[in-house]
Amino acid sequence: MPRTCAAAPLRAAARRTVIAAALLVTAACASAPEAPEGAPPPAAAASARHADPPNPGPPNPGPPNPGLPNPGLPNPGLIDAASLVPGLVVDMRYAGAANFVGRPIAGYDAPVCLLTRAAASALARVQQTLAPFGLGLKVFDCYRPQRAVADFVRWARDPTDQIRKGEHYPNVDKSALFALGYIAERSGHSRGATVDLTLVDLASAAELDMGSGYDVFDPISWPAAPGLAGPQRAHRLLLRSAMQSAGFRPYDKEWWHFTLVGEPFPDTYFDVPVSVGSPALLDAPH
């Protein structure tokens, strides 16, 4: 009897996840437009890590912002996503040492999740969808300045620095990270509408088992990777369905990576550091 009682919450949580995934998949399928007969399949996601295919954005990107490093760039109007997403768990990995490099990354001056207002609002809809099932979101990375991407590139070109190989790229030679698309010289994160995240239990803030950790450079991180246990596959499907229902598109090499469809700045890569309260960068919540 004690064993049965102890296992009951786990079984209940598993059932809750499967039901949530089924409901979201059904809703997504019902709202998705039917492709015309003979239409070509959707384009595959870009092979370079976080190098998302371009999205059409609004015709007018906004007025130039003299407070940005390049006065010709539009003001991205980034906000702290936690101000719009109640209960969002923020674990900005690149602001500390718990990442594949093993140290804080250039440009992350504060552990805050900055996103364009459109992306943050969409993320709030995801959180609202998950809340009735006792689930929520935990973000690992949001807006990423271009200088951070350059820091990744410098690290990838140093063959002597491999302190996190066992955790993040155990089956890949570091010299192959560029060729395999795990590191790229540009990232969709720098456009302010891409987010890396996972699911958590709202009551405990514990992460759901996704079958691999964050930023593992391996096919196990592919959303439909073979060999996953049933609950792991269900958790990935639930996250993907919830994000797609709010207007995000997934990435076929990373289960945690999503970009807002119709992002405001599809061709602009910003380089303002991640910080709190920068009037040149942040759009005050309203």
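The numbers here are math on the coordinates, done by the rules we state, and not lab data. The structure presented is a predicted model; accordingly, all values stated were derived computationally and were not measured.
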Length gained when the stretch Arg125-Ala203 is fully extended (0.36 nm per residue, less Cα-Cα span) = 26.2 nm
Spatially proximal lysines relative to Lys165 (Cα-Cα < 17 Å; intrachain offsets below 8 disregarded) = Lys174
At q = 0.17, 0.21, 0.24, 0.25 Å⁻¹, what is the base-10 log of I(q)/I(0) for the stretch 90-148 according to the Debye formula with one equal point scatterer per Cα and no solvent? Please give it to two decimals.
-> -0.63, -0.83, -0.95, -0.99
Reach of Lys253 by Cα under 14 Å, taken over aspartates and glutamates that are not fewer than 8 positions away in the same chain | Asp52, Asp196, Asp215, Asp218
